[in-house]
Amino acid sequence: MDITEDIFNAHPTEYINISELALDANINEENTANTFHTFLFKYFMFILCSIGLPGNTLIVITMVKPQPFGPASFLIVYLAVSDCVALVIILFEYQLQFYEENLFFRKCQLFYVPATAITAVCNWTHVLISFERFVSIYYPIKRRYLLTLKRTKFIVTLLSVFLVVSVILMFQLLVEDNECKPKYIDHGVFLTIQGVLYIFCPFSLVTFFTTLVVKKLHHISIRRLLTCDTYKGSDAWQMAEYLNSRRPMDGRQLRQYESSLSKLVIAASCMFFFLNVSSCVFFLIIMHTVTIHDSTFSTITDFLFVLNDCTHAFNFFIYLFLDEFRKKVCALLKVCFKC
(Lines give C-alpha, C1' and ligand atoms only; values in the text may rest on other atoms or scores of the structure.)
Protein backbone atom coordinates (compact mmCIF):
# COMPACT_ATOMS: atom_id res chain seq x y z
CA MET A 1 0.00 0.00 0.00
CA ASP A 2 2.76 2.37 0.83
CA ILE A 3 4.59 1.49 -2.36
CA THR A 4 1.44 2.09 -4.43
CA GLU A 5 0.90 5.46 -2.81
CA ASP A 6 4.48 6.42 -3.53
CA ILE A 7 4.06 5.48 -7.20
CA PHE A 8 0.84 7.44 -7.61
CA ASN A 9 2.10 10.44 -5.67
CA ALA A 10 5.41 10.79 -7.47
CA HIS A 11 4.25 11.92 -10.90
CA PRO A 12 1.62 14.50 -9.94
CA THR A 13 4.19 16.32 -7.86
CA GLU A 14 6.57 16.38 -10.83
CA TYR A 15 3.90 17.72 -13.18
CA ILE A 16 2.91 20.42 -10.74
CA ASN A 17 6.50 21.61 -10.53
CA ILE A 18 6.82 21.75 -14.33
CA SER A 19 3.55 23.66 -14.61
CA GLU A 20 4.69 26.12 -11.98
CA LEU A 21 7.95 26.65 -13.82
CA ALA A 22 6.11 27.25 -17.09
CA LEU A 23 3.71 29.62 -15.34
CA ASP A 24 6.60 31.54 -13.78
CA ALA A 25 8.28 31.80 -17.18
CA ASN A 26 5.10 33.16 -18.74
CA ILE A 27 4.65 35.64 -15.90
CA ASN A 28 8.25 36.85 -16.26
CA GLU A 29 7.78 37.16 -20.02
CA GLU A 30 4.59 39.16 -19.58
CA ASN A 31 6.21 41.37 -16.94
CA THR A 32 9.09 42.10 -19.32
CA ALA A 33 6.61 42.92 -22.09
CA ASN A 34 4.59 45.19 -19.79
CA THR A 35 7.74 47.02 -18.66
CA PHE A 36 8.77 47.56 -22.28
CA HIS A 37 5.29 48.76 -23.26
CA THR A 38 5.19 51.16 -20.31
CA PHE A 39 8.52 52.70 -21.27
CA LEU A 40 7.54 52.81 -24.93
CA PHE A 41 4.10 54.34 -24.55
CA LYS A 42 4.78 56.64 -21.61
CA TYR A 43 8.31 57.95 -22.20
CA PHE A 44 9.99 56.95 -25.46
CA MET A 45 7.89 59.00 -27.89
CA PHE A 46 8.45 62.13 -25.80
CA ILE A 47 12.19 61.52 -26.17
CA LEU A 48 11.81 60.89 -29.90
CA CYS A 49 9.69 64.03 -30.38
CA SER A 50 12.15 66.18 -28.43
CA ILE A 51 14.83 65.03 -30.87
CA GLY A 52 12.87 64.85 -34.11
CA LEU A 53 10.71 67.97 -34.06
CA PRO A 54 13.58 70.49 -33.70
CA GLY A 55 15.69 68.53 -36.19
CA ASN A 56 13.00 68.42 -38.86
CA THR A 57 12.25 72.10 -38.30
CA LEU A 58 15.90 72.93 -38.96
CA ILE A 59 15.79 70.82 -42.13
CA VAL A 60 12.83 72.85 -43.42
CA ILE A 61 14.42 76.21 -42.59
CA THR A 62 17.78 75.20 -44.04
CA MET A 63 16.34 73.87 -47.30
CA VAL A 64 13.89 76.72 -48.01
CA LYS A 65 16.25 79.61 -47.30
CA PRO A 66 17.33 81.58 -50.43
CA GLN A 67 19.02 79.01 -52.67
CA PRO A 68 18.14 76.81 -55.65
CA PHE A 69 14.87 75.10 -54.76
CA GLY A 70 14.11 72.31 -57.21
CA PRO A 71 12.05 69.11 -56.96
CA ALA A 72 14.63 67.37 -54.74
CA SER A 73 14.65 70.21 -52.20
CA PHE A 74 10.85 70.29 -52.21
CA LEU A 75 10.65 66.54 -51.54
CA ILE A 76 13.15 66.77 -48.68
CA VAL A 77 11.15 69.61 -47.12
CA TYR A 78 7.88 67.71 -47.62
CA LEU A 79 9.40 64.67 -45.92
CA ALA A 80 10.58 66.78 -42.97
CA VAL A 81 7.12 68.33 -42.53
CA SER A 82 5.47 64.91 -42.82
CA ASP A 83 7.90 63.52 -40.24
CA CYS A 84 6.92 66.28 -37.80
CA VAL A 85 3.23 65.49 -38.28
CA ALA A 86 3.95 61.76 -37.90
CA LEU A 87 5.80 62.25 -34.61
CA VAL A 88 2.94 64.27 -33.11
CA ILE A 89 0.28 61.79 -34.27
CA ILE A 90 2.22 58.73 -33.08
CA LEU A 91 2.87 60.40 -29.71
CA PHE A 92 -0.88 60.90 -29.34
CA GLU A 93 -1.50 57.29 -30.40
CA TYR A 94 0.94 55.88 -27.83
CA GLN A 95 -0.55 57.96 -25.04
CA LEU A 96 -4.03 56.82 -26.04
CA GLN A 97 -2.97 53.18 -25.89
CA PHE A 98 -1.25 53.63 -22.53
CA TYR A 99 -4.02 55.46 -20.68
CA GLU A 100 -7.05 53.75 -22.24
CA GLU A 101 -7.58 50.05 -21.55
CA ASN A 102 -10.56 49.54 -23.88
CA LEU A 103 -10.23 50.97 -27.38
CA PHE A 104 -13.73 51.26 -28.79
CA PHE A 105 -14.54 52.07 -32.41
CA ARG A 106 -13.99 55.81 -32.47
CA LYS A 107 -10.85 55.69 -30.36
CA CYS A 108 -9.40 52.89 -32.50
CA GLN A 109 -10.28 54.80 -35.64
CA LEU A 110 -8.84 57.96 -34.14
CA PHE A 111 -5.33 56.62 -33.65
CA TYR A 112 -5.09 53.93 -36.34
CA VAL A 113 -6.03 55.82 -39.51
CA PRO A 114 -3.93 59.00 -39.01
CA ALA A 115 -0.82 57.20 -37.73
CA THR A 116 -0.81 54.56 -40.46
CA ALA A 117 -1.61 57.08 -43.19
CA ILE A 118 1.12 59.57 -42.27
CA THR A 119 3.67 56.76 -41.87
CA ALA A 120 2.77 55.49 -45.34
CA VAL A 121 3.12 59.01 -46.76
CA CYS A 122 6.58 59.40 -45.20
CA ASN A 123 7.79 56.00 -46.42
CA TRP A 124 6.57 56.57 -49.97
CA THR A 125 8.06 60.08 -49.98
CA HIS A 126 11.42 58.36 -49.46
CA VAL A 127 10.67 56.49 -52.68
CA LEU A 128 9.96 59.73 -54.56
CA ILE A 129 13.19 61.27 -53.27
CA SER A 130 15.30 58.32 -54.37
CA PHE A 131 13.46 58.22 -57.72
CA GLU A 132 14.19 61.91 -58.29
CA ARG A 133 17.89 61.27 -57.74
CA PHE A 134 17.70 58.28 -60.09
CA VAL A 135 16.22 60.45 -62.86
CA SER A 136 18.71 63.26 -62.16
CA ILE A 137 21.69 60.92 -62.35
CA TYR A 138 20.63 58.81 -65.33
CA TYR A 139 18.75 61.48 -67.32
CA PRO A 140 20.29 64.83 -66.26
CA ILE A 141 19.05 66.78 -69.29
CA LYS A 142 15.60 65.22 -69.68
CA ARG A 143 14.77 65.68 -66.00
CA ARG A 144 14.00 69.34 -66.74
CA TYR A 145 10.94 68.08 -68.59
CA LEU A 146 10.27 64.85 -66.69
CA LEU A 147 10.36 66.21 -63.13
CA THR A 148 9.42 69.85 -62.91
CA LEU A 149 8.59 71.36 -59.53
CA LYS A 150 4.94 71.75 -60.49
CA ARG A 151 4.71 68.15 -61.66
CA THR A 152 6.45 66.94 -58.51
CA LYS A 153 3.95 68.76 -56.31
CA PHE A 154 1.09 67.19 -58.25
CA ILE A 155 2.57 63.69 -57.88
CA VAL A 156 3.13 64.18 -54.14
CA THR A 157 -0.43 65.41 -53.64
CA LEU A 158 -1.91 62.57 -55.68
CA LEU A 159 0.17 59.94 -53.89
CA SER A 160 -0.67 61.32 -50.44
CA VAL A 161 -4.41 61.34 -51.18
CA PHE A 162 -4.22 57.80 -52.56
CA LEU A 163 -2.40 56.51 -49.48
CA VAL A 164 -4.82 58.15 -47.06
CA VAL A 165 -7.82 56.73 -48.94
CA SER A 166 -6.24 53.27 -49.08
CA VAL A 167 -5.67 53.29 -45.30
CA ILE A 168 -9.27 54.35 -44.68
CA LEU A 169 -10.55 51.57 -46.94
CA MET A 170 -8.29 49.03 -45.25
CA PHE A 171 -9.65 50.17 -41.91
CA GLN A 172 -13.06 48.89 -42.98
CA LEU A 173 -11.58 45.40 -42.65
CA LEU A 174 -10.17 46.13 -39.21
CA VAL A 175 -12.86 46.85 -36.64
CA GLU A 176 -15.43 44.32 -35.50
CA ASP A 177 -17.38 44.22 -32.23
CA ASN A 178 -15.64 47.40 -31.04
CA GLU A 179 -12.22 45.74 -31.14
CA CYS A 180 -9.15 46.61 -33.19
CA LYS A 181 -9.10 43.23 -34.91
CA PRO A 182 -9.61 42.22 -38.56
CA LYS A 183 -13.09 41.15 -39.59
CA TYR A 184 -12.51 38.61 -42.33
CA ILE A 185 -8.81 37.78 -42.21
CA ASP A 186 -6.29 36.65 -39.61
CA HIS A 187 -4.52 39.37 -37.65
CA GLY A 188 -1.13 38.10 -38.83
CA VAL A 189 -2.28 38.25 -42.46
CA PHE A 190 -3.51 41.80 -41.93
CA LEU A 191 -0.14 42.82 -40.47
CA THR A 192 1.57 41.22 -43.47
CA ILE A 193 -0.61 43.15 -45.95
CA GLN A 194 0.02 46.36 -44.06
CA GLY A 195 3.75 45.68 -43.92
CA VAL A 196 3.95 44.92 -47.65
CA LEU A 197 2.05 48.03 -48.75
CA TYR A 198 3.54 50.58 -46.40
CA ILE A 199 6.98 49.18 -45.46
CA PHE A 200 8.24 46.44 -47.78
CA CYS A 201 7.28 48.07 -51.11
CA PRO A 202 8.81 51.46 -50.21
CA PHE A 203 11.81 49.67 -48.71
CA SER A 204 12.38 47.65 -51.91
CA LEU A 205 12.01 50.65 -54.24
CA VAL A 206 14.26 52.89 -52.13
CA THR A 207 16.90 50.16 -52.03
CA PHE A 208 16.59 49.61 -55.80
CA PHE A 209 16.87 53.27 -56.84
CA THR A 210 19.59 54.09 -54.31
CA THR A 211 21.68 51.11 -55.42
CA LEU A 212 21.45 52.26 -59.04
CA VAL A 213 22.42 55.81 -58.07
CA VAL A 214 25.43 54.67 -56.03
CA LYS A 215 26.51 52.33 -58.82
CA LYS A 216 26.31 55.10 -61.41
CA LEU A 217 28.17 57.59 -59.24
CA HIS A 218 30.85 55.01 -58.57
CA HIS A 219 31.59 54.38 -62.24
CA ILE A 220 31.08 57.82 -63.76
CA SER A 221 32.30 61.11 -62.35
CA ILE A 222 29.64 63.64 -61.37
CA ARG A 223 31.34 66.23 -63.57
CA ARG A 224 30.85 64.16 -66.71
CA LEU A 225 27.54 62.66 -65.58
CA LEU A 226 25.74 65.94 -65.05
CA THR A 227 27.45 67.61 -68.06
CA CYS A 228 27.66 70.79 -66.04
CA ASP A 229 30.17 72.37 -68.37
CA THR A 230 27.53 72.46 -71.11
CA TYR A 231 25.22 74.63 -69.02
CA LYS A 232 26.17 77.99 -70.44
CA GLY A 233 24.15 80.83 -71.85
CA SER A 234 20.52 79.84 -72.42
CA ASP A 235 21.08 76.39 -70.88
CA ALA A 236 22.33 77.97 -67.67
CA TRP A 237 19.21 80.11 -67.48
CA GLN A 238 17.01 77.08 -68.17
CA MET A 239 18.62 75.18 -65.31
CA ALA A 240 18.22 78.23 -63.09
CA GLU A 241 14.53 78.34 -63.97
CA TYR A 242 14.21 74.60 -63.32
CA LEU A 243 15.80 74.99 -59.87
CA ASN A 244 13.92 78.25 -59.14
CA SER A 245 17.20 80.11 -58.85
CA ARG A 246 17.31 83.86 -59.43
CA ARG A 247 20.57 83.68 -61.34
CA PRO A 248 22.21 81.16 -63.66
CA MET A 249 24.51 78.57 -62.11
CA ASP A 250 27.92 77.78 -63.52
CA GLY A 251 29.25 74.24 -63.80
CA ARG A 252 31.00 74.27 -60.42
CA GLN A 253 27.95 75.54 -58.54
CA LEU A 254 25.66 73.02 -60.19
CA ARG A 255 28.06 70.15 -59.48
CA GLN A 256 28.26 71.17 -55.84
CA TYR A 257 24.47 71.49 -55.56
CA GLU A 258 23.77 68.13 -57.21
CA SER A 259 26.51 66.37 -55.27
CA SER A 260 25.13 67.71 -51.99
CA LEU A 261 21.60 66.54 -52.79
CA SER A 262 22.81 63.11 -53.88
CA LYS A 263 24.73 62.66 -50.63
CA LEU A 264 21.69 63.69 -48.58
CA VAL A 265 19.47 61.21 -50.38
CA ILE A 266 21.97 58.34 -50.17
CA ALA A 267 22.50 58.95 -46.44
CA ALA A 268 18.75 59.08 -45.75
CA SER A 269 18.17 55.96 -47.85
CA CYS A 270 20.82 54.03 -45.94
CA MET A 271 19.20 54.94 -42.63
CA PHE A 272 15.79 53.99 -44.02
CA PHE A 273 17.22 50.63 -45.09
CA PHE A 274 18.77 49.72 -41.73
CA LEU A 275 15.71 50.79 -39.71
CA ASN A 276 13.24 48.84 -41.86
CA VAL A 277 15.05 45.70 -43.00
CA SER A 278 14.22 43.87 -39.76
CA SER A 279 10.49 44.66 -40.16
CA CYS A 280 10.50 43.24 -43.68
CA VAL A 281 12.19 40.02 -42.56
CA PHE A 282 9.90 39.56 -39.55
CA PHE A 283 6.52 40.30 -41.16
CA LEU A 284 7.23 38.41 -44.38
CA ILE A 285 9.22 35.40 -43.12
CA ILE A 286 9.68 34.90 -39.37
CA MET A 287 6.09 35.60 -38.36
CA HIS A 288 4.82 32.85 -40.68
CA THR A 289 7.47 30.23 -39.94
CA VAL A 290 8.15 30.50 -36.18
CA THR A 291 5.66 30.00 -33.33
CA ILE A 292 5.91 32.98 -30.98
CA HIS A 293 4.18 33.57 -27.64
CA ASP A 294 1.59 36.37 -27.71
CA SER A 295 3.44 38.65 -25.28
CA THR A 296 6.73 38.11 -27.12
CA PHE A 297 5.03 38.76 -30.46
CA SER A 298 3.56 42.00 -29.12
CA THR A 299 6.96 43.12 -27.80
CA ILE A 300 8.70 42.34 -31.10
CA THR A 301 6.11 44.13 -33.23
CA ASP A 302 6.18 47.17 -30.95
CA PHE A 303 9.98 47.26 -31.17
CA LEU A 304 9.85 47.05 -34.97
CA PHE A 305 7.29 49.84 -35.12
CA VAL A 306 9.59 51.91 -32.89
CA LEU A 307 12.43 51.40 -35.38
CA ASN A 308 10.14 52.61 -38.13
CA ASP A 309 9.14 55.60 -36.01
CA CYS A 310 12.82 56.49 -35.61
CA THR A 311 12.99 57.24 -39.34
CA HIS A 312 10.84 60.31 -38.59
CA ALA A 313 13.40 61.71 -36.15
CA PHE A 314 16.92 60.84 -37.28
CA ASN A 315 17.17 62.31 -40.79
CA PHE A 316 18.54 65.58 -39.46
CA PHE A 317 21.39 63.87 -37.61
CA ILE A 318 22.25 61.81 -40.70
CA TYR A 319 22.37 65.01 -42.76
CA LEU A 320 24.75 66.58 -40.23
CA PHE A 321 27.49 64.16 -41.33
CA LEU A 322 27.55 66.00 -44.68
CA ASP A 323 29.75 69.09 -44.78
CA GLU A 324 27.49 71.21 -46.98
CA PHE A 325 24.40 70.71 -44.84
CA ARG A 326 26.32 71.11 -41.58
CA LYS A 327 27.77 74.44 -42.76
CA LYS A 328 24.30 75.74 -43.64
CA VAL A 329 22.91 74.70 -40.25
CA CYS A 330 25.82 76.32 -38.40
CA ALA A 331 25.37 79.53 -40.38
CA LEU A 332 21.65 79.51 -39.60
CA LEU A 333 22.23 78.95 -35.88
CA LYS A 334 24.81 81.76 -35.77
CA VAL A 335 22.27 84.15 -37.25
CA CYS A 336 19.61 83.00 -34.78
CA PHE A 337 21.88 83.40 -31.75
CA LYS A 338 22.96 86.86 -32.88
CA CYS A 339 19.31 87.89 -33.04
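The values are calculated or read from the model by the stated rules, or taken from the named source; none is laboratory data. Because the structure is a prediction, the values reported are computed rather than measured. Reconstructed Cβ throughout: ideal geometry from the backbone, glycine too, with neighbour counts over all protein chains shown.
Residues of the stretch 56-81 that are within 16 Å of Arg151 (Cα to Cα) and not in a helix (DSSP H, G or I): Phe69, Gly70. Can you find a residue in the stretch 322-339 that is touching a Leu at 6+ places or on another chain (Cβ under 7 Å) and not in a helix (DSSP H, G or I)? Yes, that holds for at least one residue.
Looking only at the stretch 302-321, residues that are surrounded by fewer than 17 Cβ atoms within 10 Å (Cβ to Cβ), assigned to a helix (DSSP H, G or I) and aliphatic (A, V, I, L, M) come to 1 in all. None of Val164, Val196, Val206 is in contact with a His (Cβ under 9 Å, 6 or more places away or on another chain), within 24 Å of Glu132 (Cα to Cα) and modelled with pLDDT of 75 or more except Val206.
All but one of (1) farther than 21 Å from Leu264 by Cα; (2) modelled with pLDDT of 80 or more hold for Thr148; state the number of the condition that does not hold. So Thr148 meets the others, but not (1).
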